[in-house]
Amino acid sequence: MIRPAMPTAAEKRSALLPIGSRVDERGRLELGGCDAVALAREFGTPLYVLAEEDLRARARAYREGFAALGQEDHEVLFATKALPVAAVLGLFAEEGLGADVASEGELRLALRGGVDPSRIALHGNAKSDAELAAAAAAGVGLVVVDSADEAPRVAAAARAHGRRQPVLLRVTPDVAGDTHAAISTGQADSKFGVSLSEAPAVLDALRASPELELRGLHVHVGSLLPDLGPFRDAVAAIAPLGDFPVYDLGGGLGVAYTEGGRDGSIAAHVETAVRAVRELVGPGRRIILEPGRALVAHAGVTLYTVESVKRNVRTWVAVDGGMSDNPRPQMYGASYEAMIADRAEAAGTEHCTVAGKHCESGDVLVADALLPEPRRGDVLATPVTGAYGHAMASNYNAALRPAIVLVGDGEARALVRRETYDDLLARELA
């Protein structure tokens, strides 16, 4: 019996890199046809790099998933919170996607990116009157009502702008996914949505409002879900609330962040949603999905410069970024891999802790990275950072937020410039 060859460490790592990545003849990491080390030198580090081919391929995979099932009436809304960048929203709009926004800032980014307002849905558990007014003025296609007391305020904003606003009601289905508590949203004890018992009264109020057009229901179980069962469970929970033309099942598909991790299937995500609605509610409904991480996480690689290597109880590899550009390890205990872009195929020889530069002992990006003799000046790459790095970046220790570069076909284009010290000081009044 011939056993299949086990994947090498380099092959496992390549599964985490964006589509189209490779190691060039010099042994350097190449992203979108661009030398990662050259990118670091040209644009500086830390640097967020996004691969255009990967972004477009995943957007198309969602659309193709619906087409394969004959589900013509559908919408894919990019969850802007994962990567709030106007150019990325514009790229997804070119691929036929709309946008899910959760603030006026995200709304403005979507509009700047050229997203059709009719394909924008406004979310949020604490929408301000100003945000509702901005949504009405823009003519967003959907407002997702999150509470009973929000409904009359949505109606007032619509009335003030002379329009009838289509709405969905967000329902908390009392379904919990297997994920970190901070990103679980479908359980009964949630700040989002109305309970199953409260929903009928709110639905009646929405139907009674002349300024509102009730289109359907919205549920979101959580983020980074390893299993698809909770999506079906959520539909089963809300099905008794009535028959509606639109069912929005949110996002939450998980991705693999580390070698051997479990990567969610876009095709399976779409199939689970479509079959759940068809079988538990009925055919002919409009189905909406709101992927965020699943669209952008694998497209992103963050580049750093190694500033020091220190060996005491362990080997510390300190880089010029950290929790200011990727707080997920501190917030959720998220795990990442790391590689030396200068020597991308070299076998790892030393177990290292990749630490950031900030004044926290917990500022650790990768707890255990197997690296090939790291040294000062190396360009270190962490894959699968397209989601929630830029979105959650801060100025801790007065750090400057990184630039974002889009790469493809050997060309690199800056989408967001690096913050400057003038930017940092501009809001100071003293």
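If I fit a long axis through the Cα atoms of helix 229-238 and take the longest principal axis of the Cα atoms of the chain, what angle between them do I get, 0 to 90°, rounded to 10?
Computed tilt is about 20 degrees.
Using a 1.4 Å probe, how large is the accessible area of His351, given in Å² and rounded to the nearest 10?
Result for His351: roughly 120 Å² accessible.
In the range 19-91, what trypsin sites (Lys or Arg not before Pro) fall in a loop by DSSP, with at most 15 other Cβ atoms inside 10 Å?
Arg26
Given 0.36 nm per residue, what is the gain on full extension from Arg275 to Glu25 after removing their alpha carbon distance, in nm?
85.3 nm
Using modelled backbone amide H atoms (1.01 Å from N, in-plane), which distant-in-sequence or interchain residues come within less than 5 Å of Gly250's amide H?
For Gly250, the qualifying residues are Val219, Glu290.
Mind jotting down the distance between the C-alpha centroids of the range 271-322 and the range 326-392, whole Å?
Here the two parts' Cα centres lie 16 Å apart.
Which loop trypsin sites (Lys or Arg not before Pro) in the range 209-294, with loop taken from DSSP, have no more than 16 other Cβ atoms within 10 angstrom of their Cβ?
Counting only loop positions with at most 16 other Cβ atoms within 10 Å, the trypsin sites (Lys or Arg not before Pro) in the range 209-294 are Arg262.
For the range 259-270, take each phi angle, set θ = phi - 60°, evaluate the Karplus expression 6.51 cos²θ - 1.76 cosθ + 1.60, and give the result in whole Hz per residue in order, putting x for glycine and proline.
After applying 6.51 cos²θ - 1.76 cosθ + 1.60, I find 4, x, x, 9, 9, x, 9, 5, 4, 5, 4, 4 Hz.
Could you give the length gained by full extension between Asp129 and Arg108, i.e. 0.36 nm per residue of separation minus their alpha carbon distance, to one decimal place?
6.0 nm
Collect residues whose amide H, placed 1.01 Å from N in the peptide plane, falls under 5 Å from the amide H of Ala99; neighbours closer than 5 in sequence don't count.
Residues meeting the criterion, in which the H sits 1.01 Å from N, are Phe78, Ile120, Ala121.
Share of the chain's accessible area from carbon and sulfur, percent, 1.4 Å?
50 percent
Rounded, prolate or oblate: which one fits the chain, using the alpha carbon gyration tensor with axes a ≥ b ≥ c (rounded when a/c is under 1.5, else prolate when a/b beats b/c, else oblate)?
Prolate shape, in that a/c is at least 1.5 and a/b is the bigger ratio.
Which far-off residues, 5 or more places away or on another chain, put their amide H under 5 Å from the one on Ala355, with H placed in the peptide plane?
Val317, Ala318, Val319, Leu365
Whole number in Å², please: accessible area per residue of the range 60-195, 1.4 Å probe, ligands, DNA and RNA not counted.
39 Å²
Within the range 75-117, which GluC sites (Glu not before Pro) sit in a loop by DSSP and count at most 15 neighbouring Cβ atoms inside 10 Å?
Answer in residue order: no site qualifies.
Considering the chain as a Gaussian network with a 10 Å cut-off on Cα pairs, which listed residue, Met339, Met392, Met323, attains the greatest mean-square fluctuation?
Met392
Pop out the ³J(HN,Hα) list for the range 331-337 in order, Karplus 6.51 cos²θ - 1.76 cosθ + 1.60 with θ = phi - 60°, rounded to Hz; leave Gly and Pro as x.
6, 10, x, 5, 9, 9, 9
Under the Karplus relation 6.51 cos²θ - 1.76 cosθ + 1.60, θ = phi - 60°, what is the ordered set of whole-Hz ³J(HN,Hα) values for the range 243-254, x standing for Gly and Pro?
Those phi angles translate into 9, 10, x, 10, 10, 9, 9, x, x, x, 4, x Hz.
Find how much the distance from Trp316 to Arg427 grows on full extension, using 0.36 nm per residue of separation minus their present alpha carbon separation; answer in nm with one decimal.
Length difference between fully extended and current span is 36.4 nm.
Just how many pairs of Lys in the chain have C-alpha atoms closer than 21 Å, counting pairs that are eight or more places apart or on different chains?
4
Pop the C-beta distance of Ala398 and Glu307 into the FRET formula with R0 = 22 Å and round what comes out to the nearest 0.05.
Efficiency computed from Cβ-Cβ geometry: 0.85.
Heavy-atom accessible area per residue, the range 364-430, 1.4 Å probe: how many Å²?
54 Å²
The values are calculated or read from the model by the stated rules, or taken from the named source; none is laboratory data. The structure displayed is predicted, hence computed values, not measured ones. Quick reminder, even Gly has a Cβ in these numbers, built from the backbone with ideal geometry, and neighbours come from all protein chains shown. In case anyone asks, the SASA skips ligands and DNA or RNA and just uses the protein heavy atoms, side chains included. Shrake-Rupley method; radii C 1.70, N 1.55, O 1.52, S 1.80 Å.
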